[in-house]
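Here the structure comes first, spelled out in structure tokens, and everything after it is commentary.
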Amino acid sequence: MLAIANQKGGVGKTTTAVNLATALAATGEPVLLVDLDPQGNASTGLGVDRAARGQGTYAMLIDGVPAETVIRASGIPHLSIIPSDADLAGAEVELVSTPSRETRLRNSLAPIRNGRFAFVLVDCPPSLGLLTVNGLVAADAVLVPLQCEFYALAGLAQLMGTVERVQRGLNPRLALQGVVLTMYDGRNNLCEQVAADVRGHFHDKVYKTMIPRNVRVSEAPSHGVPVLVYDQRCAGAQAYVSLAAEMLGDE
Ligand code: ADP
Ligand code: MG
């Protein structure tokens, strides 16, 4: 179970969640994507329209609806989703006064943890609040999409602080799965410099595969499909296939 987290918005978390999940599902293994972001972009990106969402992550986390009830098929073979529901925006505040507020996702997913899915990917919201903490507490490892920009390393240090607090407290076995550089543009000197700095700090925890900036990747969500379906041959889609292969080779 991987939490895809970075408190900064717009760095490629959702894009990575949707397309890595699709690439992993393409190996024939059953994959579950949990949309933990009230914006629900992963749900929309997999064709689960806002109006058709019904019960999802909120119902599971706050109302205690069983995971089995809120899991549904996506349009992609072997890929299931627990969509974000309309009420999820309130969850961050409501969780504060809820019992076992940091472990609710872990507890909700416990019944489906062993057996049904080979991979569970959790798309976290752009904050270090209770929803993301729930993702980190439930997960075996955290995958960090990182956009190569000036403050990237400072933001990463803050995220690692939260990861360490979760490791010291509620989830000692939480590992750093890796950092994946997103929207990479090799013609941009700053981008190249930041990538080198990140590799200098995180060494082999940074995936060799870098996701290039690619317009096809940004077009796909408006069609409600992963870029792997929208244009399988484009550079962005192929990068997510490579990332999945690199990740599977690591294990
Ligand atoms: P986050 O979930 O971290 O907020 P998103 O995955 O939603 O970030 O990405 C932010 C925006 O950048 C979206 O509009 C998305 O389509 C676009 N985007 C993400 N990755 C790429 C890429 N490799 N090339 C071009 N656009 C991208
Ligand atoms: Mg997102």
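Summary of values
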read-out	value
Per the chain, cysteines lacking a partner by the 4.7 Å Cβ criterion	Cys124, Cys234
Hull-based mean projected area of the stretch 13-93, where the convex hull spans the alpha carbons, in square nanometres	4.9 nm²
Whole-number percent relative contact order across the chain, with pairs defined as alpha carbons under 8 Å at least 6 apart	26 percent
Charge dipole (debye, nearest 20) of the chain; +1 at Cβ of Lys and Arg, -1 at Cβ of Asp and Glu	180 debye
Difference of contour (0.36 nm per residue) and Cα-Cα distance, Ala235 to Arg101	44.2 nm
Accessible area of the chain belonging to carbon and sulfur atoms, whole % at 1.4 Å probe	53 percent
Solvent-accessible area per residue for the chain (1.4 angstrom probe, square angstrom)	43 Å²
Peptides 139-147, 165-173 ordered by average Cβ neighbours within 10 Å, highest first	139-147, 165-173
Interchain or long-range residues, amide H under 5 Å from Asp231's placed H	none
Highest average packing first - 59-68, 186-195, 80-89, Cβ atoms within 10 Å	80-89, 59-68, 186-195
Loop-exposed chymotrypsin sites (Phe, Trp or Tyr not before Pro) per DSSP, neighbour cap 14 Cβ within 10 angstrom, longest uninterrupted part of the chain	1-149
Linear extension gain, Arg199 paired with Gln39, 0.36 nm per residue minus alpha-carbon span	54.5 nm
Rg/Rg_ref, the chain, where Rg_ref = 2.2 N^0.38 Å and atoms are Cα	0.94
Selected from Ala52, Ala175, Ala42 as most flexible by GNM, with the chain as the system and alpha-carbon contacts under 10 Å	Ala52
Binned Cα-Cα distances of the stretch 173-251, short to long, each 5 Å bin given as a whole percent	3, 15, 22, 21, 18, 14, 7, 1
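The values are calculated or read from the model by the stated rules, or taken from the named source; none is laboratory data. Computed from a predicted model, the values in this text were never measured in an experiment. Neighbour counts are summed over all protein chains in view; Cβ atoms, including those assigned to glycine, are modelled from backbone coordinates with ideal geometry. Quick note on the areas: whole protein, heavy atoms, side chains included, nothing else; ligands and nucleic acids left out. Shrake-Rupley method; radii C 1.70, N 1.55, O 1.52, S 1.80 Å.
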